[in-house]
Amino acid sequence: MRRLTVLFSLLSLLCVGLSSYILAEDGQKKILLTYSDKALLEELQSVAPEARIIQLSGDRVLEEIADADALIGNITPEQVRAGKKLKWVQTMGAGVERLLHLSGATDLRDSDIILTNNQIVQGPEIADHAMAMLLALTRSIHKFLDHQKKREWQPRAFSGIELNGKTALVVGVGGIGTQIAFRAWASGMRVIGVDTEDIPYMPIIEQIVKPDQLNQILPEADVIFVAAPHTPLSHKMFGKNEFKSMKQGAYFICVSRGGLYDLDALTHSLQSGHLAGAGVDVTDPEPLPAEHPLWQIPDVIITPHIATRSDKVRERMVRTMKENLRRFLDGRPLINVVDKQKGY
Ligand code: OXD
C-alpha cells in the first residue's frame, strides 16, 4: 500500500512537472508582480488567465527573474541585469527617475526592455491639489483654520487675492500640467506653458515656450505651477536666479518632483518676502527634515507627496496595467511607453 502511495505521488509530481514544461513550451508568459496588493493580482489575472503571474517581493524577485518575460512593479538595476528574458516593465506611478537616472545605473535605460508607466492618468487629482494649495493661500484659508481651532471670529483686515486676470505659468504641459491649465483658465487666468516638447495648439493656453526661455517669461507670472517630470535636464531648473526672476508677490506651487527646485533658494525667496507664498507636495529631500526652516514660514503649505491620492485614481491606474498586460500577451504595441532617454 505504501509503495502504491509513493508511486502515485511520484506520478503526480511528474504530471505537474510535465504540464508546466508543456505550458512553458507552449509559450506561457511568466509575469512577476512585485506590488503586494492581493486585489491587484486577481484583477490582472482576470484579464490574463493564460499567463503565469507570480506575486513576490524581496530576494525572491532575483530568484525568479531569470526566465520572466515581464515585471509589474519597480525594478532595480540588479534585477534588470538578472532578467535575461525580460521584455517589459510596468510601474504603477508616473515618475520613473528612480528607475532611470537617480538609480545611478543605466542598465534599464540602455536595455531593450520597454518601460511603461501611469503618466496622464494622475492628472485630475494632482491638478485639484495644486489649485487647492493656491486657493488656500490666496484666500488665507490656512490662517482662518488656525482661528477656527480656537473658535475665534477674527475681525482682522483681510485682503484676499483674486485669480481672475492673473497669469499662470504651467511648467510641464503633460497629463498634470494640462489639467492645471484647464483649472487656471476656468478661474479667469491667462495661461502660459513651458515644455521641452512641441505641444499641439490648445485654445486655453496662450503661448508655450521652451525651458531656455524660462527666465524671460518668469517675470510675467503671478503663479508658477511646476508639473514637469524630474529628468537630468529639469534637475533644479528653479535655482537662485529663477526665484529672483519671479515677480514680487508671486506664488510657487510644485506638485511633480522636489528635484526640480532648489529648496534653500525657495526658502530664501519666501523669507525675504519676494514670493507671497508656496505650496509644495514634493520636496528634495523627502521627507522634509523637521528642522528645515520651510516648515516655519506662515504662507507655505506643505503636503507629504500625496497629491496623487484620490477615490478614482487606483481604478485608472489598474486599467492601464490591465490594458498593457493584455496587449503584451497578444503581442500588440503597449500604451504609456516611457522614452527612457528623455526620462518621461
Ligand atoms: C508618481 C507619484 O506616480 O509621485 O510618480 O505618485
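The values are calculated or read from the model by the stated rules, or taken from the named source; none is laboratory data. The model shown is predicted, which means the values in this text are computed figures rather than measured ones. Ideal geometry is used to build each Cβ from the backbone, glycine not excepted, and the neighbour counts take in all protein chains shown. Side chains are part of the model used for accessible areas, which takes the heavy atoms of the whole protein and leaves out ligands, DNA and RNA. Shrake-Rupley method; radii C 1.70, N 1.55, O 1.52, S 1.80 Å.
What's log10 of I(q)/I(0) for segment 160-243 at q = 0.10, 0.13, 0.14 Å⁻¹, Debye sum over Cα points only, no solvent?
So the normalised log intensities are -0.22, -0.37, -0.43.
Per residue, how much accessible area does the chain show when a 1.4 Å probe rolls over the protein heavy atoms, in square angstrom?
Using a 1.4 Å probe on heavy atoms only, each residue of the chain averages 53 Å².
In whole percent, how big is the carbon plus sulfur part of the accessible area of segment 123-302, probe 1.4 Å, protein atoms only?
The C+S portion of the solvent-accessible surface of segment 123-302 is 55 percent.
Per residue, how big is the convex hull of the chain when only Cα atoms are used? Give it in Å³.
Spelled out: Cα convex hull of the chain, divided by residues, is 186 Å³.
In terms of Cα to Cα distance under 26 Å, which lysines are near enough to residue 30, apart from those fewer than 8 places away along the same chain?
38, 84, 85, 87, 322, 340
How far, in nm, would the chain grow between residue 272 and residue 314 when pulled straight, counting 0.36 nm per residue and subtracting the alpha carbon separation?
11.0 nm is the gain from fully extending residue 272 to residue 314.
Where is the GNM fluctuation largest for the chain (alpha-carbon springs, 10 angstrom cutoff): 67, 284, 330?
330
Sorted by accessible area (1.4 Å probe), largest first, how do 261, 344, 251 line up?
Highest to lowest solvent-accessible surface, that is 344, 251, 261.
Cα-based Rg of segment 254-339 per 2.2 N^0.38 Å, rounded to two decimals?
1.56
Can you tell me the Rg and Dmax of segment 81-147, counting just the alpha carbons, in angstroms?
When restricted to Cα atoms, segment 81-147 yields Rg and Dmax of 19.2, 60 Å.
So what are the ³J(HN,Hα) numbers for segment 307-322, from phi and the Karplus equation (6.51, -1.76, 1.60; θ = phi - 60°), rounded to whole Hz, Gly and Pro as x?
Computed from phi, the couplings for segment 307-322 are 4, 7, 6, 6, 6, 10, 5, 4, 4, 5, 5, 5, 4, 4, 5, 5 Hz.
Among 281, 299, 110, which one shows the highest mean-square fluctuation when the chain is modelled as a Gaussian network with alpha-carbon springs under 10 Å?
110
Can you tell which of 202, 317, 131 shows the greatest fluctuation in a Gaussian network model of the chain with Cα springs below 10 Å?
202
Scan around residue 301 for amide H atoms under 5 Å from its own, H built in the peptide plane at 1.01 Å from N, and keep only partners 5 or more places away or cross-chain.
Long-range HN contacts for residue 301: 278, 279, 280.
Amide H to amide H under 5 Å from residue 275: which residues, 5+ apart in sequence or cross-chain, H placed 1.01 Å off N in plane?
Answer set, sorted by chain and number: 249, 270.
Stretched out fully, how many nm does the piece from residue 98 to residue 81 gain, at 0.36 nm a residue minus the Cα gap?
4.5 nm
Jot down the radius of gyration and Dmax of segment 235-303, Cα atoms only, both in angstrom.
Cα-based Rg and Dmax for segment 235-303 come out at 10.8, 29 Å.
Would you calculate the convex hull of the Cα atoms in segment 123-302 and tell me its volume per residue in Å³?
So the per-residue Cα hull volume is 120 Å³.
For residue 326 and residue 105, calculate 0.36 nm times their separation in residues minus their Cα-Cα distance, and state this gained length in nm to one decimal.
Extra length from residue 326 to residue 105 when fully extended: 76.6 nm.
Using a Förster distance of 45 Å, how high is the FRET efficiency between residue 39 and residue 135, based on the Cβ-Cβ distance and rounded to 0.05?
Using R0 = 45 Å, I get an efficiency of 0.85.
With contacts defined as alpha carbon pairs under 8 Å and 6 or more residues apart, what's the relative contact order of segment 123-302 in percent?
Worked out over segment 123-302, it gives 20 percent.
Sort 230, 142 by accessible area with a 1.4 Å probe, largest first.
Descending order: 142, 230.
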